[in-house]
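Below is one structure, written out as structure tokens, with a few remarks after it.
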Amino acid sequence: LVPLSEHDPVMFDLIEREKNRQWRGLELIASENFTSKAVIDCLGSALTNKYAEGLPGARYYGGNDVVDKIEVLCQERALKAYGLDPEKWGVNVQPYSGSPANFAVYTGLLKPHDRIMGLDLPSGGHLTHGFYTYSKKEGTRKAVSATSVYFESLPYRVHPESGLVDHDQLQRDAGLFKPALIVCGGSAYSRDWDYKRFREIADENGSLLMMDMAHISGLVATGEQASPFEYCDVVTTTTHKSLRGPRAGMIFFRKDERGFETKINQAVFPALQGGPHEHQIAGVATQLLEVMSPEFKIYSQQVKKNAHALSEKLVSLGHTVASGGTDNHLILWDLKPAKVTGSKFEKLCDACNITLNKNCVPGDRSAITPGGVRIGAPALTTRKFLEADFEKVGSLLDRALKLAQKIQEKSGPKLKDFVAALEGNEEVNALKKDVN
Ligand code: PLP
């Protein structure tokens, strides 16, 4: 019963410093959020002590009466939050996070080296959707994520000019590649998904269709983005982004004669994972209760309004936003016209307590030197920021970019020299003061 502050003051202090960092600055990472005290209470509960391999009612350990109720509650709330009929859809709430959720789908429903098509990483997809790096010099291709090591992946892309998914090219490529699975969803795509079109392409080729709605799952639950459930066979998600829960993952699957329920449940355990993290599952369950409240609907609407307000502000200041705007919680800001790389801008923002991340933007040649940054509204909207606040954020970001250009003029093109030039720079310190 000794509190952390007494048991391990070093760790206590580090956590306090991180808490302070998160709340002091402008948190604009599109995949992050501030989860509630209720969720944190679940994460820090006695549930972390329990082993519960198996599923509710069929465990490999004793003492799971309460844990079974918690996991069933989570399953029920997950189906309800997305308006799903439990006769037609099931859900596995045990994935430790988004990446294992995706891999469990691939290993459960496909054979090794089956073909997958997902959105390319530089186009806004996620590593787990299959990604290779290419060496032109050596004429080689290297699989980067387990998806492309254990399966054959041919990514599809966004159109370099419109920044929108190039469905026509996907359709042509899928016709030749004949993927077993098409994945929609991404980590840096600011528009909604045309599930009907994806379904048509999947049907033409006998492919399964999976949506990874990790980024937008809070917006989908509140009807602020289209629902993938009408068209997809499987839907995966993380629970800690726009859904604002603890770090975890979920897999929704259709219940029909194809037997996905057994295949996916077995892929999660025993194939990929061991004991489920029931403290996370309790946190997801309690977050799903919040997700179904009228307040969360208002929150999701505000997330979209804020992202839109920031996008408009940046455009009004003469900046370039990929695809010309946003339909969801994030913006991809193309910094190429300003001749500043995403890496440099991220470093400068970090120095001013503005947290965002470098990101590829449509037309980038390499994922190694991203030409822009990704900016998200979920976290600051949790902190009750409204459109006017996001417009101010836009002005601060504009100031930051001009400062980056000025510093780069002196420091030259190398990132190392640019970072060194940030140290002790008076204008950087002044911007940091205004951010705080
Ligand atoms: N899928 C998408 C679309 C993501 O954006 C992410 C993470 O950013 C993941 C999956 C992986 O989630 P995790 O980091 O929880 O493994």
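We did not get these values from a lab; they are worked out from the coordinates using the rules stated. These figures come from a predicted structure and were not determined experimentally. Positions of Cβ are backbone-derived with ideal geometry, glycine not excepted, and every protein chain shown enters the neighbour counts.
Full extension of the segment from Ala146 to Phe12, taken as 0.36 nm per residue of separation minus the current Cα-Cα distance, would add 44.7 nm. Eigen-decomposition of the gyration tensor built on the alpha-carbon atoms of the stretch 172-222 gives equivalent ellipsoid semi-axes of 23, 10, 9 angstrom, largest listed first. Label separation (Asp203 vs Thr133): 4.1 nm, computed from points 7 Å beyond Cα along the C-beta direction. A cut-off of 5 Å between modelled amide H atoms, ignoring neighbours fewer than 5 places along the same chain, links Trp89 with Lys255. For the listed residue pairs Lys336/Lys406; Lys241/Lys339; Lys406/Lys432; Lys196/Lys263; Lys344/Lys414; Lys305/Lys432, the alpha carbons are over 19 angstrom apart in Lys241/Lys339; Lys196/Lys263; Lys305/Lys432.
Residues in the stretch 258-265 carry Karplus couplings, in order, of 6, x, 4, 4, 5, 4, 6, 4 Hz; the curve used is 6.51 cos²θ - 1.76 cosθ + 1.60 with θ = phi - 60°, and Gly or Pro positions show x. Rounded to whole numbers, the Karplus 3J(HN,Hα) couplings from phi for the stretch 137-146 are 4, 8, x, 10, 10, 10, 6, 9, 9, 4 Hz, using 6.51 cos²θ - 1.76 cosθ + 1.60 with θ = phi - 60°, and x at Gly and Pro. Shown here: the stretch 1-137, whose C-alpha atoms stretch 54, 48, 29 Å along the first, second and third principal axes, sorted largest to smallest. In units of the rule-of-thumb radius 2.2 N^0.38 Å, the stretch 241-313 shows an alpha carbon radius of gyration of 1.52.
Shape descriptor for the stretch 292-436: Rg over Rh equals 0.99 (Cα atoms; Rh from the Kirkwood inverse mean 1/r).
Convert 4 °C to kelvin, take the viscosity as 1.567 mPa s, use the Kirkwood radius over C-alpha pairs of the stretch 204-354 as Rh, and evaluate the Stokes-Einstein diffusion coefficient in µm²/s, rounded to a whole number.
71
Each peptide in 397-405, 259-267, 62-70 was scored by the mean count of other Cβ atoms within 10 Å over its residues; highest first, the order is 397-405, 259-267, 62-70. Lysines near Lys50 by alpha-carbon distance under 24 Å, same-chain residues fewer than 8 away left out - which ones? Within reach: Lys37, Lys69.
Here's the picture: a label point sits 7 Å out from the Cα of Asp85 along the beta-carbon direction, and within the stretch 226-248 the residues with their amide nitrogen under 13 Å of it are 230. The stretch 56-211 gives an Rg/Rh value of 1.04, both radii derived from C-alpha positions and Rh following Kirkwood. How much length, in nm to one decimal, is gained on full extension between Leu415 and Ala367, taken as 0.36 nm per residue of separation minus their Cα-Cα distance? Contour length minus Cα-Cα distance gives 15.7 nm.
Taking Cβ atoms as reference points and 10 Å as the exclusive limit, the residues near Phe390 contribute a net charge of -1, counting Lys and Arg as +1 and Asp and Glu as -1. Across the chain, the volume of the C-alpha convex hull divided among the residues equals 157 Å³ per residue. For the stretch 281-353, taking Cα atoms only, Rg and Dmax work out to 16.5, 47 Å respectively. Of all complete DSSP H helices in the chain, those with a Cα span along the helix axis of 20 Å or greater and a mean Kyte-Doolittle hydropathy of -1.0 or more are 65-81, 294-316, 387-411. Between Val66 and Asp398, full extension at 0.36 nm per residue minus the direct alpha carbon distance yields a gain of 114.3 nm.
Treating each Cα of the stretch 70-155 as one equal point scatterer and applying the Debye formula with no solvent, the log10 of I(q)/I(0) at q = 0.11, 0.18, 0.24 Å⁻¹ comes out as -0.42, -0.85, -1.11. Rounded to the nearest 0.05, the FRET efficiency derived from the C-beta distance between Lys406 and Val315 at R0 = 22 Å is 0.50.
Starting with the highest mean, order 154-160, 131-137 by the number of other Cβ atoms within 10 Å, averaged over the residues of each peptide.
On the way: 154-160: 19.9, 131-137: 12.1.
By packing density, highest mean first, the sequence is 154-160, 131-137.
Site pair Leu4 and Lys297 shows an inter-label distance of 3.6 nm when each label is modelled 7 Å from Cα along Cα→Cβ.
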